[in-house]
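Next up is a structure, given as structure tokens.
The values are calculated or read from the model by the stated rules, or taken from the named source; none is laboratory data. Just so it is clear, the model here is predicted, and its values are computed rather than measured. Neighbour counts run over all protein chains shown; Cβ positions are idealised from the backbone, glycine included.
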Amino acid sequence: MLRLFLLSIAILVMQGCTTFKTGGFQNPSFDANSSKQYALPSKDLPVIIQYYTNFDMDSDTDAKTRGSKAAILESISEAINNNNIKFIDYYDTLPDEYIHIYVIQDLPHDPRKAYYNGFRTVSTILNIFSFMIIPAVDVDIENYVKISHIKNNTLQKSQIYTQNNRRYFSILFIPLAPFFTIENSLNESIQASLSEYFKDEV
Amino acid sequence: MKFKYLVILIIVTLTGCSTVRYNTDKNDHFSNKATVFLEAKGGSFSGKSGLKIIKINGLNLEEDLSTSKIEFKPDKYTIEFSSDYTRSIMGDIASMIPLVGPALMVYELKILQSKFEKNIFDLDLKGGHIYLVSFSYNDDDKIVIDIEEV
């Protein structure tokens with residue numbers, strides 16, 4: 001019993017340790033408006049943020065969502081030195097010109113069944129075999145960051161960046177994840193995306 | 001006992017297979033697939049009501065696509081949505097309590113039998129684009145679906 005328990009932990013920890021590294025960073029260019037003549041927007045423009053996650057996404061009061069929102073704000077503020085960075089909820093009417101940053105985080109912590117070998121089934125079986133000691137969750141986090149320059153209600157240029165991140169190995173460790181938290185994941189993706197977007201800035 | 005170790009190892013290995021793709025490959029570049037997110041409301045304790053896809057281009061799916069993210073090849077699709085409810089672990093436990101169980105079933109049936117204002121959409125899903133499918137209830141208690149292209 002003890003050997004089985006220790007082996008379960010060892011496997012899960014090994015798996016966690018081998019998957020927490022940051023995944024590939026992609027920035028597909030598919031925007032028809034992009035051109036070499038395009039001038040990057042000034043970082044002094046208002047920055048308007050939208051955030052979507054499928055992890056307790058309707059729980060605005062939830063600490064996890066609040067933490068992610070704070071991380072997004074902090075990450076963007078670090079990359080863009082601007083006092084006018086706000087979530088879209090703060091605006092009744094949008095400014096004439098602004099930078100729009102849409103952050104989407106896919107963290108499928110969701111008990112709904114999946115098409116292939118569902119997350120629910122796997123985690124349930126894993127829970128049973130670890131005698132419910134380790135309520136395991138194993139998910140890939142994918143962050144999408146879309147940065148758009150809007151002027152007079154018209155899209156000037158937009159670019160989307162995606163990044164895969166680590167999988168958590170146990171639900172118990174999510175709040176205490178010692179290596180790489182949800183906030184770290186967001187921070188890294190946003191910083192990398194903004195850096196890429198403004199790389200040609202003079 | 002060795003068999004148990006082997007089963008644990010196999011299960012742990014399998015646990016990365018939860019991404020849902022309709023007709024894409026896991027190696028497809030982001031710009032060659034359209035990503036659709038389906039909204040779910042509710043918490044870890046109350047259970048989640050949400051949307052699922054039951055038909056694509058008029059064909060019933062072998063299994064409902066009720067996960068939160070689905071990837072499609074860029075193309076035009078006619079997609080039919082239906083309502084979905086997933087009981088939470090707390091709900092599972094509560095359902096075993098007399099009176100609470102039947103009340104919970106009535107609640108779930110009400111959600112699952114909700115009518116839609118419109119639940120069939122013709123969508124031109126583009127590669128590298130993300131589609132957020134959310135829902136709300138109108139004054140007649142019908143579900144109104146909103147699809148936002150990001």
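Under 7 Å by Cβ, and 6 or more places apart or on different chains, what pairs join a residue from the stretch B:91-114 that is on the phi > 0 side of the Ramachandran plot with one that is modelled with pLDDT of 80 or more?
none
Next question, about the same structure. With the structure loaded, tell me whether residue B:118 is among the charged types (D, E, K, R), closer than 30 Å to residue B:30 by Cβ and in contact (Cβ under 8 Å) with a residue 24 or more places away in the chain or whether it fails that test.
Yes: the conditions hold for residue B:118.
Go through the stretch A:75-108 and report how many residues are farther than 15 Å from residue A:45 by Cα and surrounded by 15 or more Cβ atoms within 10 Å (Cβ to Cβ).
The number of residues fulfilling the criteria is 8.
Additional query: Just one of (1) crowded, with 16+ Cβ neighbours inside 10 Å; (2) touching a Gly at 6+ places or on another chain (Cβ under 9 Å); (3) among the polar types (S, T, N, Q) trips up residue B:95, so point out which.
Only one criterion is unmet by residue B:95, namely (1).
Yes/no per residue for (1) more than 7 Å from chain A (Cβ to nearest Cβ); (2) part of a loop (DSSP other than H, G, I, E, B); (3) modelled with pLDDT under 60:
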site: B:7; (1), (2), (3): no, no, yes
site: B:13; (1), (2), (3): yes, no, yes
site: B:17; (1), (2), (3): no, yes, yes
site: B:31; (1), (2), (3): no, no, no
site: B:54; (1), (2), (3): yes, no, no
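Which fully enclosed strands (runs of 3 or more DSSP E) of the stretch B:101-150 have 2 or more residues being exposed (fewer than 12 other Cβ atoms within 10 Å of the Cβ) and either touching a Pro at 6+ places or on another chain (Cβ under 9 Å) or of a type in the set (Asp, Glu) (or both)? Break it down stepwise before answering.
Working: elements: B:120-125, B:130-137, B:143-149.
Once the strands (runs of 3 or more DSSP E) in the stretch B:101-150 are filtered for at least 2 residues that are exposed (fewer than 12 other Cβ atoms within 10 Å of the Cβ) and either touching a Pro at 6+ places or on another chain (Cβ under 9 Å) or of a type in the set (Asp, Glu) (or both), what remains is B:120-125.
From A:76, A:88, A:9, grab the single residue that is within 14 Å of another protein chain (Cβ to nearest Cβ) and at pLDDT 90 or above.
Of A:76, A:88, A:9, the one residue that is within 14 Å of another protein chain (Cβ to nearest Cβ) and at pLDDT 90 or above is A:88.
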